[in-house]
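Dropping a structure here in structure tokens format, bear with me for questions.
The values are calculated or read from the model by the stated rules, or taken from the named source; none is laboratory data. If you're wondering where the values come from, they're calculated on a predicted model, not measured in any experiment. Cβ sites come from the backbone with ideal geometry, for glycine too, and all protein chains shown count toward neighbours.
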Amino acid sequence: MTVAELQRTDVIGRLGVPLGRCVPILAVVVSGDSLRSKAETARYLLRVIEVEGRTLVEPQLFRYSNAPGVAGLPLNQSDHTQRAHGKQATEFSAEDAAELERDFVGTERRLVIYEVGEFRGIPSLPKNVPEWQDRAFGFSTSLVLVQNE
């Protein structure tokens, strides 16, 4: 597929709707720590269970960001602590952080989002070019939060 073809075509995301289309969802907040993946440590993710009132056959797990100017949801543990108490995570005890997270992780959220996609990661490199730490090159999608209902 060429870039020109891609620009003329709606790419359908993992939620079953075109990338870039705003839709209401029902999602559960997930702690990245629970996934035991170094890449997701301290991050929050969304497990989408419903799109436009339609229950997904298989819930989809996403990274997310907040649209510019949208307060949205905390993106990680440090952001959550800062929003809740105006303190940096380093100024907050582990017990306090765990209690704060208990009231957030696992909660259902009705949100309005759009799905975006990108190619990223390490491509096949020429010889004599050192590799860096990242995932393999490929296409992935994430969510952009535009409204927290």
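Tell me which of these Arg63 doesn't satisfy, since it passes every other one: (1) crowded, with 16+ Cβ neighbours inside 10 Å; (2) over 15 Å from Ile25 (Cα atoms); (3) of a type outside the set (S, T, N, Q); (4) out of contact with any helix residue (DSSP H, G or I) (no Cβ under 6 Å at 6 or more places or on another chain).
In the conditions (1) crowded, with 16+ Cβ neighbours inside 10 Å; (2) over 15 Å from Ile25 (Cα atoms); (3) of a type outside the set (S, T, N, Q); (4) out of contact with any helix residue (DSSP H, G or I) (no Cβ under 6 Å at 6 or more places or on another chain), Arg63 misses (2) alone.
Does Val28 satisfy the condition of being surrounded by 16 or more Cβ atoms within 10 Å (Cβ to Cβ) and either without any contact (Cβ under 8 Å) to a residue 12 or more places away in the chain or closer than 12 Å to Glu108 by Cβ (or both)? Don't jump to the end; show me each part of the working.
On the way: surrounded by 16 or more Cβ atoms within 10 Å (Cβ to Cβ): yes; either without any contact (Cβ under 8 Å) to a residue 12 or more places away in the chain or closer than 12 Å to Glu108 by Cβ (or both): yes.
So Val28 passes the test.
List every residue pair whose Cβ atoms lie under 6 Å apart, where the two residues are 6 or more positions apart in sequence or sit on different chains, the first residue falls within segment 131-148 and is closer than 9 Å to Gly121 by Cβ, and the second residue, located anywhere, is surrounded by 10 or more Cβ atoms within 10 Å (Cβ to Cβ) and modelled with pLDDT under 85.
Going by the 6 Å Cβ cut-off, there are no qualifying pairs.
For the condition closer than 24 Å to Phe119 by Cα, of a type outside the set (Gly, Ala, Ser), at pLDDT below 95 and surrounded by 15 or more Cβ atoms within 10 Å (Cβ to Cβ), what is the one hit in Leu75, Leu46?
Of the residues listed, the single one that is closer than 24 Å to Phe119 by Cα, of a type outside the set (Gly, Ala, Ser), at pLDDT below 95 and surrounded by 15 or more Cβ atoms within 10 Å (Cβ to Cβ) is Leu75.
Follow-up. Tell me which of these Val57 doesn't satisfy, since it passes every other one: (1) surrounded by 14 or more Cβ atoms within 10 Å (Cβ to Cβ); (2) part of a strand (DSSP E or B).
Among (1) surrounded by 14 or more Cβ atoms within 10 Å (Cβ to Cβ); (2) part of a strand (DSSP E or B), the lone unmet condition for Val57 is (1).
Every residue, every condition in (1) over 18 Å from Asn148 (Cα atoms); (2) aliphatic (A, V, I, L, M), yes or no:
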| site | (1), (2) |
| --- | --- |
| Thr9 | yes, no |
| Pro18 | yes, no |
| Val23 | no, yes |
| Ser31 | yes, no |
| Arg36 | yes, no |
| Leu46 | no, yes |
| Val57 | yes, yes |
| Ser65 | no, no |
| Val70 | no, yes |
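Taking segment 66-83 as the search range and keeping residues that are of a type in the set (Gly, Ala, Ser) and in a loop (DSSP other than H, G, I, E, B), which one is farthest from the chain's Cα centre (by Cα)? Break it down into steps so the answer makes sense when it comes.
At the first step, the residues of segment 66-83 found to be of a type in the set (Gly, Ala, Ser) are 67, 69, 71-72, 78.
Narrowing the set further to residues that are in a loop (DSSP other than H, G, I, E, B) leaves 67, 69, 71-72.
Numbers: Ala67: 12, Gly69: 17, Ala71: 15, Gly72: 12 Å.
Checking each candidate, the answer is Gly69.
Would you check which residues across segment 93-149 are in a strand (DSSP E or B) and more than 29 Å from Val23 (Cβ to Cβ) and list them?
At the first step, the residues of segment 93-149 found to be in a strand (DSSP E or B) are 108-120, 122, 136, 138-148.
Hits for segment 93-149 are Ile122, Ala136.
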